[in-house]
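What follows is a set of notes on a single structure, which appears directly below.
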Amino acid sequence: MMRRLLLLLAALLLGGCGTFADPTEWFAGPNVVKPSELLDLENKVQPQTLWSRDIGAGSDELSLNLEPQVRGDIVYVVDAEGLVQALDAKTGAVVWRVELDVPASGG
């Protein structure tokens, strides 16, 4: 008798776990706001390269993500071997550079 009662109770509890609701309504209910349709945008200004510069060695084995940082009119860059440079953002000219005694890393 006890076993049948436990089986019935388990069946009722598991039945309550199911839902007939549409999965898209599980978290927001039926009043979900639909996203706006995307617009076709036209480029009014075409970007152009003002300058480019080799900023040093990369490192495939270290998987470094050392990205240039812009502060005001200066672009700061570093390579995997520890070469740190400050570049003029308008011209790309080297403002200053420092070679560290150790490889650069990030994380």
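Since every read-out is calculated from the coordinates, none of them should be taken as a lab result. What you are looking at is a predicted structure, and each value in this text was computed from that prediction instead of being measured. A quick note on method: Cβ atoms are made from the backbone with ideal geometry, for glycine too, and the neighbour counts reach across all protein chains shown.
Search the structure for amide H atoms under 5 Å from the amide H of Val95, placed 1.01 Å from N in the peptide plane, and list their residues when 5 or more places away or on another chain.
Counting only residues 5 or more places away or on other chains, the set is Ala86, Leu87, Asp88.
Please give, to one decimal in nm, the separation of the simple spin-label points placed at Met1 and Phe27, each 7 Å out from Cα toward the Cβ.
The two pseudo-label positions are separated by 4.8 nm.
Starting with the highest mean, order 78-84, 3-9 by the number of other Cβ atoms within 10 Å, averaged over the residues of each peptide. Don't skip to the answer; put the middle values down first.
Details: 78-84: 17.3, 3-9: 9.1.
Ranking, from highest mean packing down: 78-84, 3-9.
Using a cut-off of 15 Å between beta-carbons, work out the net charge of the residues near Ala89 (Lys and Arg +1, Asp and Glu -1, Ala89 not included).
Numbers: positive: Arg53, Arg71, Lys90; negative: Glu67, Asp73, Asp88.
Counting the neighbours of Ala89, the net charge comes to 0.
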